[in-house]
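The values are calculated or read from the model by the stated rules, or taken from the named source; none is laboratory data. What you see is a predicted model; the values in this text were computed from it and never measured. A quick note on method: Cβ atoms are made from the backbone with ideal geometry, for glycine too, and the neighbour counts reach across all protein chains shown.
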Amino acid sequence: MNNAQHLAELLESLKKSTGVLSTLAEDGGIDSAVVYFTCDNNLNLYFFTRANSKKNQNILNNSTISFTAYSEELLQTFQMRGDASSIDEPAEQAVAFESLFKIANKASGGNPPISQMMQSEIRVFKVIPLWARFSNFGISEDGKRIEDLKVGEFLGDKS
C-alpha cells in the first residue's frame, strides 16, 4: 500500500474521530481545542463550534488555523494549516452539520454537547488547506514516513 492509499485509509478512520484545532488569540497566544470534524476528498475540513466560543472569536480575528489528527491504531498523523470560514449557505451548512452531528452523536454515546445548544448558537466552519503533512509510522511499501502534501495532489491525484 502506498502513502496515498494510507492517507485515504487514515482519513476514513479519522472521519469518525476528533482532532485538535489551534487558533491565534488576540493577544498573540495560541488556543487549542478538541473538535469533532469531517473532511472531504480535497481535505477541506469541517467542524462546528458555539457562536460565543474562543474558537469562533479567534477565527473572526484571524482565519488561519492549524489542525492535527492522529490514529493510534494506524500509527499515522495528519497535520494541516488552513484558512477557516463560516459556512453561511444553508444547503452546504445542513450537509456539513448533519455529518458532524452523526460523528459527535456516535462518539459521545448518544448525548453530544451540540444537542444541548440552540441551532442559532452553532457555527459550522470549512477550512481550505494551505499546507498539509501526512506521517506514516506504520508500514509503507514506498518507504516514505513523512510526506508534505501539495494542494491539488491530495489522495494521490497528481493531475
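May I ask you to list the residues in the range 39-66 that are out of contact with any helix residue (DSSP H, G or I) (no Cβ under 6 Å at 6 or more places or on another chain), in contact (Cβ under 8 Å) with a residue 60 or more places away in the chain and among the aliphatic types (A, V, I, L, M)?
Correct list: 45, 59, 65.
For the range 78-100: of the residues being of a type outside the set (A, V, I, L, M, F, W, C) and under 12 Å from the mean Cα position of the chain (by Cα), which is farthest from residue 137 (Cα to Cα)?
Among them, the one singled out is 83.
Give the residue that is modelled with the lowest pLDDT, with candidates limited to residues of the range 78-98 that are surrounded by 18 or more Cβ atoms within 10 Å (Cβ to Cβ) and not hydrophobic (A, V, I, L, M, F, W, C).
So, considering only residues that are surrounded by 18 or more Cβ atoms within 10 Å (Cβ to Cβ) and not hydrophobic (A, V, I, L, M, F, W, C), the one modelled with the lowest pLDDT is 93.
From 111, 52, which residue is farther than 16 Å from residue 19 by Cβ, of a type outside the set (Ser, Thr, Tyr) and either assigned to a helix (DSSP H, G or I) or at pLDDT below 80 (or both)?
Residue meeting the stated conditions: 111.
Assigned to a helix (DSSP H, G or I), at pLDDT 90 or above and crowded, with 18+ Cβ neighbours inside 10 Å: is that true of residue 65 in this structure?
When the stated conditions are applied, residue 65 does not pass them.
Tell me which residues, restricted to the range 73-105, are closer than 12 Å to residue 124 by Cβ and in a loop (DSSP other than H, G, I, E, B).
87, 88, 89 - these are the residues of the range 73-105 that are closer than 12 Å to residue 124 by Cβ and in a loop (DSSP other than H, G, I, E, B).
Can you say whether residue 43 is under 17 Å from residue 135 (Cα atoms), at pLDDT 80 or above and of a type in the set (A, V, I, L, M, F, W, C), as far as the supplied structure shows?
Here the answer is yes, as residue 43 does meet what is asked.
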